[in-house]
Structures are given as structure tokens and as C-alpha cells.
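Peer 1: I'd like to ask you about the structure that follows.
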Ligand code: UDP
């Protein structure tokens, strides 16, 4: 297939690029390199461009004759979305609207969207099923949900267009071959922050909120290894190619760990007893989010290979120690 990947130089995008590249697809990557790295491009042809540059993006679509688009480009930090909501709606929702208008114009057949568990908001049981109510509690989740709605309505109107919106849970870890990993500047994600503390890239880490209604008072998340997530994209695309129906699908392992559990596991694996400051709650955080993800496995044959917190942390730690970028 001829595939366009937006945001393919970023953390998740680069792992999906590698997985799709291994399959022999002809890939073009568009990335503005705001949080991505040219060194993360292991396959295909990188074009440095911003989705807001409508003229340039349209010319890329025109020349590319793509069969599929995998859309990552966007912003992903929950607390930032609370303080800069309009930036999130611009970058995530309005730019996605433009990408979809290009898909419609240039008759793209398949679309894989990088969505998020944040579309669920604060489910009472903490478990998110694809059919659970969608009540995002922060602009990040809302900005992604608005794109999901556009996808649903476009697929209804244009029968030649099919999509899967993969609702990611907490993506962590790095490529087992050590080639790519997370180098997001000023990273805010938990395992990344803990590995930075363990490698003395920061003096300490903060723990946000110890009074949640969870087993130990800290938030519970479903941490999924980035390589398993990348494989979910490959499987989702194959599913659409075989005639599968457009829909959202959860990407998680179905069980969660608290922030305290993750931090103590990072300390155990790295052998470093870094300093942790317990602070109040962070804006926009849900108490507990874990996936019901049997639908993805059942429909696409996805089988996770790294459903083990130790593997996730070990690979993130190896990346942090040896980072080439
Ligand atoms: N968290 C924390 N300290 C950090 C980073 C994250 O206590 O340095 C907590 C955060 O408040 C949330 C959980 O870890 O409860 C997961 O946050 P993360 O930013 O990794 O992912 P999110 O679930 O927000 O996408």
C-alpha cells in the first residue's frame, strides 16, 4: 500500500512507521518536527511540513496517490490542554478536519486514527468499553472525540472511506531493538518521568494526587508497550483491507497499575531510589482508566507480546540510558 503517516517522527508514530515499514509498504511521513525527530525515521520518505500549511499538504496528497492515512500529528499532554484549550482544538481537531477533507478529496480508502482513552472521561468502574459513555473531562479528550465524530460521519457519507480509531491507553516503553523511543522534550508521562529520575536527568519526580478513590489513593492506568500498540495499527489496517467495518477500538491490556506501584517498580528495576515529591492532584486526571480490549483482539487477531510491566519499564529504561536522540 501507499501510506501517508502524519506525525511519523514522534514517539508512537515512529514505532508504527517501523512496524509498517517492515511489512514493505511505500510510506511518506509528514511531520513538523515540533516534538518529533528526523532520526526516528527508519523507513520511507520524510517531508517536514506542518498540517496548518494547507497548500503544501494538499500538494503532498495530490502527488502521493495514497491508499491509506495513519494520523498521529497532534498534541497529547492532558494538563497543557487544560491551560491551552484553543491550541488543542486547533492542532488536534481543526487540523484533523483538514486532513479528513484531503482524504475525501483524494479518495483515501483507509484511515487509522490515533485516539485516546481520554474520550471516556471518568468511567465509574474505571473500565472502558468501546460502548461506554463518552464524557471527556479535559480539552485533550474532547479534541480527539470531536475528530472521532467527524470520522464516523464521513464514513457514513462516503462509503469508499473506512476508518479505525484506536483509543490508546497509557503507551510506554521503547523499541526492543533500541533504535527508537520516547524523546519528547519536557516529558510529562509517568514511566518516562520516572526513568529520567532514575538516570539523573531530573533531580526528583512529582507524584500528583494521593487521595483518589483507588487501592492506594493514586491514579490507576493501563500501561501498554509501544510495540504492541504499533502492531495494533498493522492489524487494524489489515482488518480494513479485508473489508472490516469502521469503528473505534480500545488498545490496552485490560488491567491497571497505580502511580505508586509504577514508581516502586521503576525503583526496583533500576536499583535507583530517586526522590519522589507527593503533590496535590493534577488538572484533568481521571482516577482510574483501564481498557476492555477484547474487541480489538477478536476482530483483528491482535495478540499482545509485552503484557508485562517489567518489560515495559526495562525497555523505557534502556532507551533512557542509551538515547541516540
Ligand atoms: N503522574 C505523576 N507524575 C508524573 C507524571 C504522571 O504522578 O511525573 C501521574 C498522573 O497524574 C496520572 C498518571 O501518572 O495520574 C498517568 O499520567 P500520564 O501523564 O503518564 O498519562 P495520562 O494518563 O495523563 O495520559
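Just so you know, all these numbers are worked out from the coordinates, no wet-lab data involved. In this text, all values refer to a predicted model and were calculated from it rather than measured experimentally. Don't worry about glycine lacking a Cβ; one is built from the backbone with ideal geometry, like all the others, and counts go over all protein chains shown.
Peer 1: Compute the helix-to-body angle for 54-64: its Cα long axis versus the longest principal axis of the chain, expressed 0 to 90° and rounded to tens.
Peer 2: Compared with the principal axis, the helix lies near 70 degrees.
Peer 1: What is the angle, in °, between the Cα long axis of helix 11-22 and the longest principal axis of the Cα atoms in the chain? Nearest 10 is fine, range 0 to 90.
Peer 2: On a 0 to 90 degree scale, this one is about 50.
Peer 1: Now for a separate question. From the P(r) of segment 45-201, could you give the percentage of C-alpha pairs in the tail past 29 Å?
Peer 2: When every Cα pair of segment 45-201 is considered, 25 percent fall beyond 29 Å.
Peer 1: Once Rh for the chain is found with the Kirkwood sum over Cα pairs, what is the Stokes-Einstein diffusion coefficient at 25 °C and 0.890 mPa s, in µm²/s?
Peer 2: The calculation lands on 124 µm²/s.
Peer 1: Based on the mean of other Cβ atoms within 10 Å per residue, sort peptides 113-122, 283-292 so the most packed one is first.
Peer 2: The peptides rank, most packed first, as 113-122, 283-292.
Peer 1: Bin by bin, in steps of 10 Å, what percent of the Cα pairs in segment 175-325 do you find, going until the bin that has the longest distance?
Peer 2: All Cα pairs, binned at 10 Å, distribute as 10, 35, 34, 17, 4, 0 percent.
Peer 1: First measure r as the distance between the Cβ atoms of residue 125 and residue 281, then evaluate 1/(1 + (r/R0)^6) with R0 = 25 Å and state the FRET efficiency to the nearest 0.05.
Peer 2: 0.80
Peer 1: Computed FRET efficiency, Cβ-Cβ of residue 26 and residue 62, R0 25 Å: what is it to the nearest 0.05?
Peer 2: 0.95
Peer 1: With labels modelled as points extended 7 Å from the Cα through the Cβ direction, what inter-label distance (nm, one decimal) is found for residue 186 paired with residue 33?
Peer 2: Result for the modelled spin labels: 2.1 nm.
Peer 1: With an 8 Å Cα cut-off and a minimum separation of 6 or more residues, compute the relative contact order for the chain in percent.
Peer 2: Computed value for the chain: 20 percent relative contact order.
Peer 1: Can you work out the FRET efficiency for the pair residue 84 and residue 242, with r the C-beta to C-beta distance and R0 = 45 Å, to the nearest 0.05?
Peer 2: So the FRET efficiency works out to roughly 0.65.
Peer 1: From the C-alpha coordinates alone, can you work out the Kirkwood hydrodynamic radius of segment 1-110, in Å?
Peer 2: 14.0
Peer 1: Calculate for the chain the 222 nm mean residue ellipticity that helices alone would give, adding -39,500 (n - 2.57) per DSSP H run of length 4 or more and normalising by residue count, nearest 500 deg cm²/dmol.
Peer 2: Value at 222 nm, helices only, nearest 500: -11500 deg cm²/dmol.
Peer 1: While we're here: Compute the distance in nm between two label points, each set 7 Å from the Cα along the Cα-to-Cβ direction, one at residue 196 and one at residue 211.
Peer 2: 2.7
Peer 1: Let me ask you something else. On a 0 to 90 degree scale, rounded to 10, what angle separates helix 259-270 from the longest Cα axis of the chain?
Peer 2: For 259-270 against the chain, the angle is about 80 degrees.
Peer 1: Sticking with this one: Show me 137-150, 309-322 ranked by packing, highest mean number of other Cβ atoms within 10 Å first.
Peer 2: By packing density, highest mean first, the sequence is 137-150, 309-322.
Peer 1: Could I ask something else about it? How high is the relative contact order of segment 95-189, given as a whole-number percent (alpha carbon pairs under 8 Å, six or more residues apart)?
Peer 2: So the answer I get is 34 percent.
Peer 1: Could you work out Rg/(2.2 N^0.38 Å) for segment 91-150, with Rg from alpha carbons only?
Peer 2: For segment 91-150, the normalised Cα radius of gyration comes out at 1.26.
Peer 1: Something else about it: Mind ranking 240-249, 17-26 by how tightly packed they are, going by the mean number of other C-beta atoms within 10 angstrom, highest first?
Peer 2: In decreasing order of mean packing, 240-249, 17-26 become 17-26, 240-249.
Peer 1: For the pair residue 53 and residue 105, how long in nm is the line joining their label points, each one 7 Å along Cα→Cβ?
Peer 2: A separation of 1.6 nm, rounded to one decimal place.
Peer 1: What residue among 295, 167, 282 shows peak mean-square fluctuation when the chain is described by a Gaussian network model with Cα springs under 10 Å?
Peer 2: 282
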